[in-house]
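Student: What follows is a single structure, and I will ask about it in a moment.
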Amino acid sequence: MARKSNSTYLPTKLLPEQGIIWSQQRLLGLSSQVIVLLLCLGLIASVIIQIGQQNLLQERASQRYSELQSVANDLSEQLSFQRFQTLSLAGDELLLQQLQQASAEKQRRLQSYWHALQQNINDLQGIAVYSAIGQQLLTEGNDLGAKTLSSNLLKKLEQLERHQVYMSSVTFSSAAGKIAPVLYQSTKIYATDNRFLGYLVTFHAINNSLLEAKRSFSEQAAPLLLINQEGQLLANSTNASGLARMPNVLGTNLNETYPALWQSMQRERYGQFQGDTATLVYLAFQLETNAQQRDCYLISYIDNQFVYDQLSLWRYLIIAIFVVLALALSGLIWLSHLRQLLE
């Protein structure tokens, strides 16, 4: 019986002129090593890129949280200034003269002064003066005040001490044909002889206050929302549609549009929330009003894809480095096998 040739399994040279012979087993070993190398390098490159993206997102989120703290502090300072402004207007000499000895000229000068104030102070939307029984006497602005103060509000104002200011919670007004969030402050007006003359009310646009406070943001186009403790949208710094589940219309409830985010906000007063396409950052702060001390929330979010796009050059550089490294290591593996054959 003829013996089967084993020449196909011999890796060594039979004759010098045959050159180097690579067996199937060695080629398979070389291929498997190169494939494992490429998989490992690809995995390492992917992990490095993901870590870089997450670190940048975390850095941006931390920066945005610091900006939200600045906005909260700025809003509190603006409210304090508005209190001072209301007291100053109530003690204005021109107003006191008009209430005690009214004349058309005094009223014209007074309203001209009020109009100039509104032109120079963005959040000041209107000024009104009411009698001791709640009847409107003077007004300047977008007709935000009612002609008569409600009995409930009048009772609260009657309890004010001198130099004390009543501040409402944020309400929605339809002045000038648009719905806007408004906060009003009121104080008593006293004559120089301490006679009680009535009430002065100032109206302030929260949207304008929010835009003013947002100047601390490094990205002015970034969204900024003000939410009350019930989850209602009180103010929005941008008209852009933003995220699909974030409220866009004033009065819309976050608990209905994005319940997972709202539940996270209820558990913690500040933090981050990873959405499908964005990283949301929120901060709770107290808006002190005479109505009651209430929690409000500031929310902003960072588009993940926008951050990733900023890393595109760095990502391509990492890929290029690992491609070169893969070629170099593959060459070393091939040379190692070649050396073994030569030996």
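Student: Under 5 Å between amide H atoms, partner at least 5 residues away or on a different chain: which partners does Gly126 have, H built in plane at 1.01 Å?
Tutor: Phe203
Student: Assigning unit charges at the beta carbon (Lys, Arg +1; Asp, Glu -1) and nothing else, what dipole magnitude in debye, to the nearest 20, does the chain show about its Cα centre?
Tutor: 920
Student: Next up: Note down the nm distance, to one decimal, between modelled labels 7 Å out along Cα→Cβ at Gln69 and at Arg269.
Tutor: In this crude label model, Gln69 to Arg269 measures out at 1.3 nm.
Student: For Gly275, which sequence-distant residues (separation of 5 or more, or a different chain) have an amide H within less than 5 Å of its own amide H, given hydrogens modelled in the peptide plane?
Tutor: Placed amide hydrogens put Leu280 under 5 Å from Gly275.
Student: Taking Rh as the Kirkwood radius computed over C-alpha pairs, what is the Stokes-Einstein D of region 59-203 at 10 °C in a medium of viscosity 1.306 mPa s, expressed in µm² per second?
Tutor: 97
Student: Turning to a different aspect of this structure: If packing is taken as the mean number of other Cβ atoms within 10 Å per residue, what is the order of 226-237, 304-315, 245-256, highest first?
Tutor: Packing order, densest peptide first, comes out as 226-237, 245-256, 304-315.
Student: What are the residues whose amide H is under 5 Å from the amide H of Leu224, where those residues sit 5 or more places off or on another chain and H is modelled from the backbone?
Tutor: Amide H to amide H, under 5 Å and 5 or more residues apart or across chains, Leu224 pairs with Ser237, Thr238.
Student: Quick check on my link table: of Lys188/Lys214; Lys147/Lys178; Lys147/Lys188; Lys106/Lys178, which ones sit more than 23 Å apart, alpha carbon to alpha carbon?
Tutor: Distance filter (> 23 Å) returns Lys188/Lys214; Lys106/Lys178.
Student: Taking only DSSP H segments of four or more residues, each worth -39500 (n - 2.57), what value at 222 nm results for the chain once the sum is divided by all its residues, to the nearest 500 deg cm²/dmol?
Tutor: -15500 deg cm²/dmol
Student: While we're on this one: At a Förster distance of 25 Å, what's the computed FRET efficiency of Lys155 paired with Phe196, Cβ-Cβ distance as r, to 0.05?
Tutor: 0.95
Student: Relative to the present Cα-Cα distance, how much length would full extension add between Glu219 and Leu317 at 0.36 nm per residue of separation?
Tutor: Using 0.36 nm per residue and subtracting the Cα-Cα distance, I get 32.6 nm.
Student: Let me ask something else. Leaving ligands and nucleic acids out of the surface, order Cys296, Cys40 by accessible area at 1.4 Å, largest first.
Tutor: The ranking, largest first, comes out as Cys40, Cys296.
Student: Of Phe84, Phe172, which has the most accessible area with a 1.4 Å probe, and how do the rest follow in descending order?
Tutor: Largest to smallest exposure gives the sequence Phe84, Phe172.
Student: Please list the helices of the chain that count as membrane-span-like by this rule: a mean Kyte-Doolittle hydropathy of at least 1.6 together with Cα atoms stretching 27 Å or more along the helix axis, each helix being a complete DSSP H run.
Tutor: Flagged H segments are 312-342.
Student: Let me ask something else about it. Computed over the Cα atoms, what is the radius of gyration of the chain divided by 2.2 N^0.38 Å, N being its residue count?
Tutor: 1.76
The values are calculated or read from the model by the stated rules, or taken from the named source; none is laboratory data. In this text, all values refer to a predicted model and were calculated from it rather than measured experimentally. FYI the Cβ positions are ideal-geometry reconstructions off the backbone, even for glycines, and counts take in every protein chain you see. Note: areas computed on protein heavy atoms with side chains; ligands, DNA, RNA excluded. Shrake-Rupley method; radii C 1.70, N 1.55, O 1.52, S 1.80 Å.
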